[in-house]
Amino acid sequence: NSNNSAAKSSRPLTTTAIYNHGCLVHVYWAPVMVVSLFTAANGNLGTLRSTGIPLLQEILAPLRQTLTESLMIKGEDDDDEDEEVDQEGVLVVEQQDAAAAAV
């Protein structure tokens, strides 16, 4: 399935915040998923990024695909917006000009 392979190939965006008692990592998979991970202060962030996040991405790929498809179905009901998901899984929204639609 091409959507599934695109979901696996796109790299997630991560943000890391380091605190006294631990590290908070947010993993953002456009357009529908954000996963937050909290590790101990001595947690191995390198292993988390190199092994944990790719495995999590593989496990959550079916859920992400279902959520993305549900956004596409919801977008088909709206006449004012055309929504589609590009190869990276990013939701693309194009607004139609109201004056052009009236003509």
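For labels at ASN20 and LEU67 in the simple 7 Å Cα→Cβ model, what's the distance in nm?
So the two model labels end up 3.3 nm from each other.
So what are the ³J(HN,Hα) numbers for region 34-41, from phi and the Karplus equation (6.51, -1.76, 1.60; θ = phi - 60°), rounded to whole Hz, Gly and Pro as x?
These are the phi-based 3J(HN,Hα) values: 10, 10, 10, 10, 10, 10, 5, 4 Hz.
Throughout, read-outs are computed from the coordinates displayed, never taken from laboratory work. Since this is a predicted model, take the numbers as computed values, not measurements. All Cβ positions, glycine included, derive from the backbone under ideal geometry; neighbour counts span all protein chains shown.
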